[in-house]
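The values are calculated or read from the model by the stated rules, or taken from the named source; none is laboratory data. Everything quoted here is computed from the prediction, not taken from an experiment. Here the Cβ positions follow ideal geometry from the backbone for every residue, glycine too, while neighbour counts run over all protein chains shown. All accessible areas refer to the heavy atoms of the entire protein, side chains included, with ligands and DNA or RNA removed. Shrake-Rupley method; radii C 1.70, N 1.55, O 1.52, S 1.80 Å.
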Amino acid sequence: MTECPCGSAKPLEACCGPYIDGAPAPTAEATMRSRYSAHVLGNVDHLLATLSGDQRADYSREDAEKAFSDTKWLGLEIRKTDQGGEGDETGSVEFVARYRSGAQQTAHHELSFFTREDGRWVFAGCEMNPKAATVVVQKVGRNAPCPCGSGKKYKKCCGA
């Protein structure tokens, strides 16, 4: 019994294995995990099968197979998922995949977008190194109106 490469701590046969063998993944995250596992296992067929039609046009089987021979995958960290559930039509998964190519170790940070085609989740695109939204904090002056909307000065309301 082999542990699944996706980091779930489940056996491959009870995790990504069935999806790599052709069963449809129930969620965008399950598809993401199975695609990572396919990279680890060198399974180009699964990678191709889980690409959207638009993405498949630019995918090179030869380039992928060449990269497999020089890449050692070190781990997957799922940071965030948005939608992509069993009842959704689109979803996204933010992740970091660590790998070593030659002597260089790299962290691949990506926000992947998934959609359904013919009822199956497929990779539709990505944003590399996504940044969190900038939070702007405004300082409220003591004599400014209180931001809570009470109509009082800040110093007499929430600033007290």
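If amide H atoms are built 1.01 Å from N in the plane of the peptide, which residues on other chains or at least 5 residues away come under 5 Å of the amide H of residue 4?
9, 10, 12
Would you kindly state how much longer the chain becomes between residue 77 and residue 152 on full extension, computed as 0.36 nm times their sequence separation minus their alpha carbon distance, in nm to one decimal?
The span from residue 77 to residue 152 would gain 22.3 nm if fully extended.
Using a probe of 1.4 angstrom, how much of the accessible area of the stretch 1-90 is carbon and sulfur, in percent?
That share works out to 45 percent.
What do you get for trypsin sites (Lys or Arg not before Pro) in the stretch 35-132 restricted to DSSP loop and a cutoff of at most 12 other Cβ within 10 Å of the site's Cβ?
Counting only loop positions with at most 12 other Cβ atoms within 10 Å, the trypsin sites (Lys or Arg not before Pro) in the stretch 35-132 are 131.
Please check which bits of the stretch 99-134 a label hung off residue 90 would reach, taking the label as a point 7 Å along Cα-to-C-beta and the cut-off as backbone N under 17 Å.
Backbone N within reach: 111-128.
Can you show me the helix-derived [θ] at 222 nm for the chain, built from DSSP H runs with n ≥ 4 at -39,500 (n - 2.57) apiece and divided by the number of residues, rounded to the nearest 500.
Value at 222 nm, helices only: -6000 deg cm²/dmol.
Taking 8 Å as the Cα distance limit and 6 or more residues as the minimum spacing, I'd like the relative contact order of the chain as a percentage.
Result for the chain is 17 percent.
Determine the gain in length on full extension of the stretch residue 127-residue 69; use 0.36 nm per residue of separation and subtract their C-alpha separation, reporting nm with one decimal.
Fully extending the segment from residue 127 to residue 69 adds 18.3 nm.
From the phi of every residue in the stretch 83-93, what ³J(HN,Hα) in whole Hz does the Karplus formula 6.51 cos²θ - 1.76 cosθ + 1.60 yield, where θ is phi - 60° and glycine or proline is x?
6, x, x, 4, x, 8, 9, 9, x, 9, 9
Under a 5 Å amide H to amide H cut-off, with H placed in plane at 1.01 Å, what residues pair with residue 152 once short-range neighbours are removed?
146
Could you calculate the FRET efficiency of residue 136 with residue 105 from 1/(1 + (r/R0)^6), where r is the beta carbon distance between them and R0 is 35 Å, rounded to 0.05?
The value I calculate is 0.50.
So what are the ³J(HN,Hα) numbers for the stretch 3-17, from phi and the Karplus equation (6.51, -1.76, 1.60; θ = phi - 60°), rounded to whole Hz, Gly and Pro as x?
Taking θ as phi minus 60°, the curve returns 6, 5, x, 6, x, 6, 6, 9, x, 3, 5, 9, 10, 7, x Hz for the stretch 3-17.
Go through the stretch 37-50 residue by residue and turn each phi into a ³J(HN,Hα) via Karplus (6.51, -1.76, 1.60, θ = phi - 60°); whole Hz please, and just put x for glycine and proline.
Ordered by residue, 3J(HN,Hα) equals 4, 5, 4, 4, 7, x, 9, 5, 4, 5, 4, 5, 5, 9 Hz.
Leaving out ligands and nucleic acids, and using a 1.4 Å probe, what accessible area per residue does the stretch 39-160 come to in Å²?
Value for the stretch 39-160: 67 Å² per residue.
Bin width 5 Å, alpha-carbon pairs only: give the P(r) of the stretch 1-149 as whole percents, running from 0 to the bin holding the largest distance.
Spelled out per bin, shortest first, that is 2, 9, 16, 20, 20, 12, 6, 3, 3, 3, 3, 3, 1, 0.
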